[in-house]
Amino acid sequence: MATATGLTADEGRRRLEKFGPNTVPDTSVHPLRRALTQFWAPVPWMLESAVVLELVLGKYVEAAVIAVLIVFNAALGFFQEGRAQATLAALKSRLALNASVRRDHVWATVPAAELVPGDLVKLSLGAVVAADVRLTEGSVLLDQSMLTGESVPIEAGAGFETYAGALVRRGEAVAEVTATGARTKFGRTAELVRTAHVESTQQKAVLRVVRNLAICNGFIIVLLVAYAYALKLPGSEIVPLVLTAILASIPVALPATFTLAAALGAKALAKLGVLPTRLSAVDEAASIDVLCADKTGTLTQNQLTVTAVHAMPGFDESHVLGLAALASSDGGQDPVDGAIRAAAAKKAASDLPKLIKFVPFDPATKMSQATAAAPGGATVRAVKGAFAAVSGLTQAPPDAAKVADELEAKGYRVLAVAAGPPAALKLAGIIALSDPPRPDSAALIAELHTLGVRAVMVTGDAPATAAIVAHDVGMDGKVCPPGPIPADVRPDEFAVFAGILPEGKYDLVKAFQKSGHVVGMCGDGANDAPALRQAQMGIAVSTATDVAKSAAGIVLTKPGLGGIVSSVKEGRVTFQRILTYTLNSVTKKVVQVLFLCAGLVMTRHAILTPMLMVLIMLTGDLLGMSLTTDNVRPSPTPNTWRIGALTAAGVFMGICELLFCTAVLAFAKFRLGVEIETLRTVAFIVIVFGNQAITYTNRERRGLGSCRPSQWLIASSVADLLIASTLATCGIAMSPLPLPVVGGILAAAAVFAFVVDFAKVPVFNRLKIA
């Protein structure tokens with residue numbers, strides 16, 4: 001049993017068996033299992049089916065090309081999924097490795113994992129608290145910022161409860177362990193991080209695009225096979241036809257393009273002092289419409305400063321600060337003392353007493369004090385501490401209490417300073433300290449508002465303090481009443497959510513997401529890690545702990561929050577590039593499958609072979625990834641994936657290209673009398689040239705020429721046209737085609753581009769493709 005002398009060794013072992021080790025459970029997934037799951041999704045299924053068919057037909061080169069694409073996409077997903085486990089590893093690294101515990105009446109150092117509820121542990125300077133504990137004797141200055149995010153250390157005495165992960169800044173105390181392992185506040189935070197997951201809007205978009213294409217093209221392929229069977233085509237022609245149709249319907253480079261676009265956006269952000277740790281966060285930045293900003297270290301400087309000094313009659317500001325500095329530790333870790341000494345150095349008084357003896361802060365008296373020698377040789381006593389404690393030692397002026405109350409009402413930390421002969425102290429003045437807002441916070445909030453992003457403050461601080469800081473940075477609105485977060489809360493209801501625990505921040509993010517919002521969450525402490533992990537875009541500020549950084553999607557490497565605005569703007573640029581490629585992909589997949597049908601009806605043969613379709617994939621889909629570098633206009637409001645409208649626009653553009661391709665094929669067959677093998681070359685060329693025309697019409701939401709394409713896009717188009725033309729005219733992997741015919745089809749594609757560009761503008765406007 002637990003006593004004032006601690007547990008016995010036998011009791012410790014029994015409790016260890018009952019409660020388990022004082023560690024965060026290891027729930028990591030084996031890397032091999034994580035790797036295998038990358039091959040179990042709609043796009044891999046379609047590509048894997050194509051590989052099997054290619055192997056059955058003995059087309060080993062084509063099978064190898066598709067297999068490389070599968071592995072490439074899987075590798076990208078594998079490395080990105082390691083983020084949650086990296087966060088848990090960072091959490092575990094913050095826990096104490098050893099602890100000083102009293103067993104069998106003797107103090108001994110044991111591994112922190114062996115602590116059990118009821119153990120007596122010693123907390124000393126520099127130690128990390130190894131479990132949740134309640135102090136039984138002594139006093140310490142505790143820094144809980146790593147877990148709670150609060151910048152000011154807390155004076156703790158008997159009866160005070162603190163948590164695993166807190167750091168002892170000063171003093172020594174004995175405490176009883178109240179919770180260990182997963183039952184600690186630290187352990188609950190780790191569990192929230194492990195379970196926190198939100199499917200990115202990018203992932204949803206890919207799945208819905210693939211689903212729509214699979215349903216549409218699957219139906220068409222069934223009709224295609226039925227028609228081929230009705231024509232009594234031999235199986236040796238039907239199987240390649242089916243394989244060609246499957247290849248034509250797979251958006252093979254879509255996942256890789258999403259990743260490439262995000263990677264390029266991440267590179268641009270790195271130059272602006274923003275480090276994305278999860279590529280999907282770049283795309284999510286385009287869509288966020290709510291930003292949950294933590295107060296301490298995010299909107300504020302996370303550094304106490306002297307905000308106001310009220311000198312009493314007979315004293316001035318410099319003397320009040322100078323006397324307070326005498327009663328402050330020099331070179332210690334107390335941020336209050338550091339702030340006062342820094343302020344005193346800026347307003348130095350010339351006739352201050354010389355320090356003789358300093359007595360550190362005593363939690364029992366709530367004061368620190370100093371004995372000094374005045375210039376005339378008299379002994380002077382200087383006292384600094386809580387207003388009630390210090391004013392009780394003096395005859396305070398009547399208005400002093402009113403001044404102190406007004407400053408406290410504004411959210412300031414208020415201290416009183418008294419000085420004089422040891423037996424006749426006078427109240428010298430009142431000092432107000434605060435953690436001031438960052439200089440750019442107000443401008444950031446205003447700019448986010450113009451971008452359509454609603455910012456709310458989420459903090460563990462008291463409501464009064466939080467409301468004042470919120471007002472100072474322009475986040476005006478109501479403060480959410482204390483208590484559990486309502487499940488149906490909306491971001492426009494409140495501007496401030498104060499007194500929030502880690503679970504509350506996590507629940508708040510989930511509540512906003514449940515109501516359809518895309519959420520960005522700022523934070524710096526380990527307590528923010530679950531919410532950072534759950535949010536679509538978790539943002540760790542430059543002063544954040546390792547835990548917060550590993551949980552976040554982006555990390556700000558420069559002081560201030562200007563990186564958030566940069567992330568939103570760059571995210572919207574990335575989104576527009578991905579939107580263009582997705583629209584292009586839908587258009588191409590629709591036209592390619594329908595063109596196979598039109599060719600079959602027109603020629604009674606498969607108009608494209610699997611090899612030609614692989615060439616189209618390589619020249620079109622992969623070179624088309626250069627759209628990720630294109631020059632685009634970011635939208636002024638948050639972006640959303642409107643897959644229905646996007647699919648409708650893609651179908652419209654696909655039908656337009658289908659008409660063009662079919663017309664060229666019909667001209668070649670019926671007017672020029674081209675045979676089937678050469679017709680296949682014509683089909684290959686017209687698809688490639690038609691895809692290039694559609695690429696340039698799709699990239700512009702208005703009209704051709706309104707935004708200059710990037711150099712990489714132009715170079716990619718030239719390469720695509722040259723490769724296709726060379727293969728066709730030289731007869732490589734296909735029947736040769738005369739150069740004038742190739743030139744004629746290219747000229748027709750250029751005319752087609754201007755015609756379809758004119759027709760697309762009202763359709764895009766109606767579907768709100770912007």
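So the values come out like this:
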quantity	calculated
Matching option when the condition is touching a Leu at 6+ places or on another chain (Cβ under 7 Å), touching a residue at least 60 places away in the same chain (Cβ under 8 Å) and open to solvent by 30 Å² or more (accessible area, probe 1.4 Å), among Thr629, Thr637	Thr629
Residue under evaluation Met457, criteria (1) under 20 Å from Met537 (Cβ atoms); (2) open to solvent by less than 20 Å² (accessible area, probe 1.4 Å); (3) modelled with pLDDT under 90; (4) not β-branched (Val, Ile, Thr), criterion not met	(3)
Ala96 vs. criteria within 24 Å of Thr180 (Cβ to Cβ), at pLDDT below 90 and open to solvent by less than 50 Å² (accessible area, probe 1.4 Å)	yes
Failed item, numbered, when Ser328 is tested on (1) part of a loop (DSSP other than H, G, I, E, B); (2) surrounded by fewer than 20 Cβ atoms within 10 Å (Cβ to Cβ); (3) of a type outside the set (A, V, I, L, M, F, W, C)	(2)
Breaking point among (1) polar (S, T, N, Q); (2) at pLDDT 70 or above; (3) over 30 Å from His105 (Cβ atoms); (4) open to solvent by 50 Å² or more (accessible area, probe 1.4 Å), for Gln38	(4)
Of all residues in the stretch 376-427 being assigned to a loop (DSSP other than H, G, I, E, B) and of a type in the set (A, V, I, L, M, F, W, C), the one that is most open to solvent (accessible area, probe 1.4 Å)	Ala423
Residue identified as without any contact (Cβ under 8 Å) to a residue 12 or more places away in the chain and of a type outside the set (Asp, Glu) among Pro481, Pro530	Pro481
Selection status of Phe660, open to solvent by 30 Å² or more (accessible area, probe 1.4 Å), at pLDDT 90 or above and not charged (D, E, K, R)	no
Subset of the stretch 338-371 that is modelled with pLDDT of 90 or more and of a type in the set (S, T, N, Q) - its residue that is least open to solvent (accessible area, probe 1.4 Å)	Ser368
Failed item, numbered, when Pro491 is tested on (1) modelled with pLDDT of 90 or more; (2) open to solvent by 40 Å² or more (accessible area, probe 1.4 Å); (3) over 23 Å from Ser542 (Cα atoms); (4) under 22 Å from the mean Cα position of the chain (by Cα)	(2)
Only one of Thr298, Thr305 that is polar (S, T, N, Q) and open to solvent by less than 10 Å² (accessible area, probe 1.4 Å)	Thr298
Residues satisfying the stated conditions in the stretch 112-138, i.e. part of a strand (DSSP E or B) and either closer than 18 Å to Lys18 by Cβ or open to solvent by less than 40 Å² (accessible area, probe 1.4 Å) (or both)	Leu120, Val121, Leu123, Asp132, Val133, Leu135
Pair list, Cβ under 6 Å, 6 or more apart: the stretch 507-519 residue without any contact (Cβ under 8 Å) to a residue 24 or more places away in the chain, other residue of a type in the set (A, V, I, L, M) and open to solvent by 30 Å² or more (accessible area, probe 1.4 Å)	Asp507/Ile485
Complete set of residues in the stretch 1-18 that are open to solvent by 70 Å² or more (accessible area, probe 1.4 Å) and either in contact with a His (Cβ under 9 Å, 6 or more places away or on another chain) or at pLDDT 90 or above (or both)	Asp10, Arg13, Arg14, Glu17, Lys18
Residue list for the stretch 556-584, filter: hydrophobic (A, V, I, L, M, F, W, C), open to solvent by 10 Å² or more (accessible area, probe 1.4 Å) and more than 20 Å from His449 (Cα to Cα)	Leu579
Filter result for Ala442 (over 17 Å from Leu407 (Cα atoms), open to solvent by 10 Å² or more (accessible area, probe 1.4 Å) and part of a helix (DSSP H, G or I))	yes
Complete set of residues in the stretch 586-609 that are open to solvent by 10 Å² or more (accessible area, probe 1.4 Å), in a helix (DSSP H, G or I) and hydroxyl-bearing (Ser, Thr, Tyr)	Thr603
Hits in the stretch 445-478 (condition: within 25 Å of Ala286 (Cβ to Cβ) and among the hydrophobic types (A, V, I, L, M, F, W, C))	Ile445, Ala446, Leu448, Leu451, Val453, Ala455, Val456, Met457, Val458, Val473, Met475
Sole exception among (1) open to solvent by 40 Å² or more (accessible area, probe 1.4 Å); (2) modelled with pLDDT under 75 for Ala196, by number	(1)
Whichever residue in the stretch 153-168 is in a loop (DSSP other than H, G, I, E, B) and in contact with a helix residue (DSSP H, G or I) (Cβ under 9 Å, 6 or more places away or on another chain) and, among such residues, is farthest from Asn98 (Cα to Cα)	Pro153
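A quick yes/no check of all residues on (1) at pLDDT below 75; (2) within 30 Å of Pro610 (Cβ to Cβ); (3) over 30 Å from the mean Cα position of the chain (by Cα):
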| residue | (1), (2), (3) |
| --- | --- |
| Val140 | no, no, yes |
| Gly149 | yes, no, no |
| Glu155 | no, no, yes |
| Ala158 | no, no, yes |
| Gly165 | no, no, no |
| Glu176 | no, no, yes |
| Ala190 | yes, no, no |
| Tyr229 | no, yes, yes |
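The values are calculated or read from the model by the stated rules, or taken from the named source; none is laboratory data. Being a predicted model, the structure only gives us computed values, none of them experimental. Positions of Cβ are generated from backbone atoms using ideal geometry, with glycine treated the same way; all protein chains shown enter the neighbour counts. Surface accessibility is based on the protein's heavy atoms, side chains included, excluding ligands, DNA and RNA. Shrake-Rupley method; radii C 1.70, N 1.55, O 1.52, S 1.80 Å.
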